[in-house]
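The values are calculated or read from the model by the stated rules, or taken from the named source; none is laboratory data. Worth saying up front: this structure is predicted, and the values here are computed from it rather than measured. Don't worry about glycine lacking a Cβ; one is built from the backbone with ideal geometry, like all the others, and counts go over all protein chains shown.
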Amino acid sequence: MASKCNLLQLPDLVLHNICTFITCPFDLLHFGNACSRLRSVSLSQSLWWSIAFHWCKGLWTFIKRVSDSEDPREWMLYVIKQYTRPPAGTRSECSFTSGEKWERSESRKFRFLFGLLHLVYKKEKSEHPAILFEEWLYDIGLYNRIGTCFDYTVEKLQFHHDDILQLTSLGQAIECDLRRIEHPCKDPASYIKRIATVDTNWMSLFPSGLHGPVCPLLINPLLNCVTYEKYGLEGLAVCLSIVLEKHIQTHAKFSKLTINKVFNMISVFCMHFKLEIARFLPKMQSRVETQPLKSAVLSVIERNILAVDKLQDILNSYEVNISCKDIFCELSNFLANCRGIDFVVDEVQMHIRKSIIGEINKILFPNNTEKCIVTRINLTDSDLIGGDNSQQEMAAAAFISPNGVLVTWHLVGGIFY
């Protein structure tokens, strides 16, 4: 008979080593809530130090609201609290005439992941005010289907009038339709349209434009320019933060660095680097009008014309044995080997998106063994997602499985101006 080993019979060191495989703060919290002994093991600063670096990679320059605590666990929990984004006034439930109900069901982890992804896109929009009030990630909602009885896979769907009102309200179609100013009696049924049903690769249902899927859950929807540098200096700061982070992790064990000092050092160093590099860019780029930012930065580093001493003083003030010249050398190699600055930022977003999709799958396919049958229903008539209304300010769609529903809202922009 096989012997059984109780987890609590293991030595603390073994339990700690098990915890090193936990990279999600919510999972580590759950592990620690089992009992007082596991909680004691899960409070290890080294565990939370690793988690903070894992989750903040590439995000150091985006995060602004942090704790002064030197405890990495408290610091990370504060970040989670600050960036767990609640629903943006979107509906918590829908009730249909068939007796079926959609009830919102989202984990704290999901709302935190959404908050992080929204943070990056929001920063992008603030850097490009000409885009007006557009929000690719206005909101994402997850709903459980209670009392499931309606078959959305039927090609010629016929909705009851009350059900149409429920769906249009969910998508905010009526209140965001500027065309209704001239046509107040517009039929609500014109907003709702079944697009397609698939039983494999449900993400292929996302709306597509000239350059691929129009959904930030898959890829940055604006990542299609020639030089891939719409993030500009902000994207360059992300690249630098990734390089600097590696050096910090190597030297942290030999220094007195705390997590809040790490955050401050990366933020301050990247800010001063942006100011320093900005002094030389106009001159470098004027030589070749189409010279991309990446090439200009590489030229500046190669010419060794940056105020290295000033930047080195910043590193020295944190008592770390890190050479500014080594940082620039590695940054140069990093930039030379990447496809573009925007691709680096998108890789950061991709890490978050993959985690979000994992949470979505828990709602759409809770048993993980069922066929992945999903139907997309457009909740508005926006031309961005295949409708015929260029004056519709909300592009919203529902992705419906036998068990759950994903709803995405994209605020097209301009409605509040």
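The residue that is farthest from residue 357 (Cα to Cα), counting only those in the stretch 134-157 that are modelled with pLDDT under 90 and exposed (fewer than 13 other Cβ atoms within 10 Å of the Cβ), is 156. So for the stretch 199-207 (the condition being hydroxyl-bearing (Ser, Thr, Tyr) and modelled with pLDDT of 90 or more), does at least one residue qualify? No; the residues of the stretch 199-207 include none that is hydroxyl-bearing (Ser, Thr, Tyr) and modelled with pLDDT of 90 or more.
Being assigned to a loop (DSSP other than H, G, I, E, B) and either in contact (Cβ under 8 Å) with a residue 40 or more places away in the chain or over 15 Å from residue 380 (Cβ atoms) (or both) is a property that holds for residue 200. Within the stretch 111-133, restricting attention to residues that are modelled with pLDDT under 80 and charged (D, E, K, R), the residue that is surrounded by the most Cβ atoms within 10 Å (Cβ to Cβ) is 124. Scanning the stretch 76-105 for residues that are out of contact with any helix residue (DSSP H, G or I) (no Cβ under 7 Å at 6 or more places or on another chain) and buried (at least 19 other Cβ atoms within 10 Å of the Cβ) turns up 79, 102.
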